[in-house]
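Notes to accompany the following structure.
Read-outs throughout are calculated quantities, based only on the coordinates presented, and are distinct from any laboratory measurement. Quantities reported herein were computed from a predicted structural model and do not represent experimental measurements. Quick reminder, even Gly has a Cβ in these numbers, built from the backbone with ideal geometry, and neighbours come from all protein chains shown.
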Amino acid sequence: MVRSVLFVCLGNICRSPLAEGVFRAVADRRGLGDRFEVDSAGTGGWHAGEPPHRRSIAVAARHGIDISGQRARQLVAADHERFDLILGLDETNVADIRARAPSGGRAEVALYRAHAEGVAEGVPDPYYGTERDYEAVFEIVRRASQALIDRLTAKG
Ligand code: 4NP
């Protein structure tokens with residue numbers, strides 16, 4: 001049974017902090033907050049230690065979710081032992097995660113939307129975008145989070 005999930009994008013300041021925060025919020029609202037351990041990381045380390053992008057914090061806040069306390073970190077080899085499931089937000093993230101996976105690591109690695117809702121598409125990088133792009137990412141992440149929790153809690 002999947003209990004721990006790591007969400008991974010490039011910088012860990014735009015997309016994966018939203019994936020982490022929205023997943024946690026949806027799980028909490030369903031009374032499943034104790035069921036999962038979730039975290040996020042970036043394949044790159046340039047933003048390590050920073051809070052999420054101000055537009056990611058803002059879009060989450062508009063939807064009643066506080067992600068301002070999260071801090072960016074880089075993906076490390078030990079994550080493949082610590083987590084059951086590592087989800088890359090786009091195809092490049094998945095390729096980078098796999099390329100650096102230690103041999104024998106136990107984590108399953110998959111594309112976020114494909115694993116959550118059967119949609120073989122990446123979440124677009126909003127880093128150089130506008131508020132509207134962050135709102136679009138939020139909507140994708142909200143749907144994917146609900147579908148992912150449905151899937152991870154399904155019986156059978
Ligand atoms: P993220 O967005 O991968 O969704 O966190 C980006 C954040 C930072 C950079 C690129 C994408 N960057 O080049 O610093």
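Take Gly104 and decide whether it is surrounded by fewer than 20 Cβ atoms within 10 Å (Cβ to Cβ), more than 16 Å from the ligand (Cβ to nearest atom) and more than 17 Å from Leu6 (Cα to Cα). Yes, satisfied.
Screening segment 39-69 for residues that are part of a helix (DSSP H, G or I) and of a type outside the set (Ser, Thr, Tyr) and picking the one that is farthest from Phe7 (Cα to Cα) gives Arg62.
For every residue, the table says whether it meets (1) crowded, with 22+ Cβ neighbours inside 10 Å; (2) more than 16 Å from the ligand (Cβ to nearest atom); (3) not aromatic (Phe, Trp, Tyr).
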{"site": "Pro17", "(1), (2), (3)": "yes, no, yes"}
{"site": "Gly31", "(1), (2), (3)": "no, yes, yes"}
{"site": "His47", "(1), (2), (3)": "no, no, yes"}
{"site": "Ala60", "(1), (2), (3)": "yes, no, yes"}
{"site": "Gln70", "(1), (2), (3)": "yes, no, yes"}
{"site": "Arg73", "(1), (2), (3)": "no, no, yes"}
{"site": "Glu81", "(1), (2), (3)": "no, yes, yes"}
{"site": "Asn93", "(1), (2), (3)": "yes, no, yes"}
{"site": "Arg98", "(1), (2), (3)": "no, yes, yes"}
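Each residue in segment 6-38 was checked for being part of a strand (DSSP E or B), closer than 15 Å to Val76 by Cβ and out of contact with any helix residue (DSSP H, G or I) (no Cβ under 7 Å at 6 or more places or on another chain), and 0 pass. Checking each residue in segment 70-85 for being in a loop (DSSP other than H, G, I, E, B) and within 16 Å of the chain's Cα centre (by Cα) picks out Gln70, Arg71, Ala72, Arg73, Leu75, Val76, Phe83, Asp84.
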